[in-house]
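We did not get these values from a lab; they are worked out from the coordinates using the rules stated. Predicted model, so just to flag it, every value in this text is computed and none were measured. FYI the Cβ positions are ideal-geometry reconstructions off the backbone, even for glycines, and counts take in every protein chain you see.
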Ligand SMILES: [Mg+2]
């Protein structure tokens, strides 16, 4: 194995809190590009991120699901609210598929309009768009420390690569690798990287992704950390196998000692 050391990071919920951006970009996408007769957009009313959206966010795997969730929240009839959000969450995957079918939507098209909405904001007012993201300072410092130690960093995100890249640049972070949804699954990316790198760790806030990494023989050796500060589901912190470590922000300093 090569001696090139690398540390891997998820992006959303690990490096930045983008809750405001997810809501506003998805809302704008619904308003400008979705063309649905079931919704009414009231920018004033939706200035703040609704709790139902915040609470469903931990279930999201791909960006397009957020368009679908926002659509359900701003529907005129029978909208998704706090009182019925548990029904939605309990069958999350099936509900997403059902809503796609009911509206004759294709996931890739929803992803495209989310990207379009982001690009629109970037072209119009880049600074305001960047400001919708709150970086986790401890993680940024950790990444800078890795650089000082000549350890490479890689970002594996389900966002479009260019969007992650633009935000990281503003944070003065220049990772060796950024992989977006265009690059395939996180497992395949980790598998490929592990062929010529020693992967020191992977910090991610989606537990299922870490479980998949641990269950794949090509990637099971990668030390996996579940980000305690990320978008975790209520039960994620419990019943963790001892192969996946729950990591707190304050513990990042200790991690530098690897
Ligand atoms: Mg994440």
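A few remarks follow.
- Ranked for footprinting exposure by Cβ neighbours inside 10 Å, fewest first, 130, 70 give 130, 70.
- What the Cα atoms of the chain give is an Rg and a Dmax of 18.6, 58 Å.
- Region 238-258 and region 81-141 have Cα centres lying 28 Å from one another.
- Relative contact order [Cα under 8 Å, 6+ residues apart], region 87-244, whole percent: 13
- Looking at the chain, the DSSP beta bridges with both ends there are about 15 percent antiparallel.
- Relative protection proxy for 218-230, 143-155, 39-51, from highest mean packing down: 218-230, 143-155, 39-51 (other beta-carbon atoms within 10 angstrom).
- With neighbours defined as other Cβ atoms within 10 Å of a residue's Cβ, the residues 76, 60 order from fewest to most as 76, 60.
- Of the peptides 234-241, 210-217, the order by per-residue mean of other Cβ atoms within 10 Å, starting with the highest, comes out as 210-217, 234-241.
- Ranked list, fewest to most other Cβ atoms within 10 Å of each Cβ, for 109, 17, 205: 109, 17, 205
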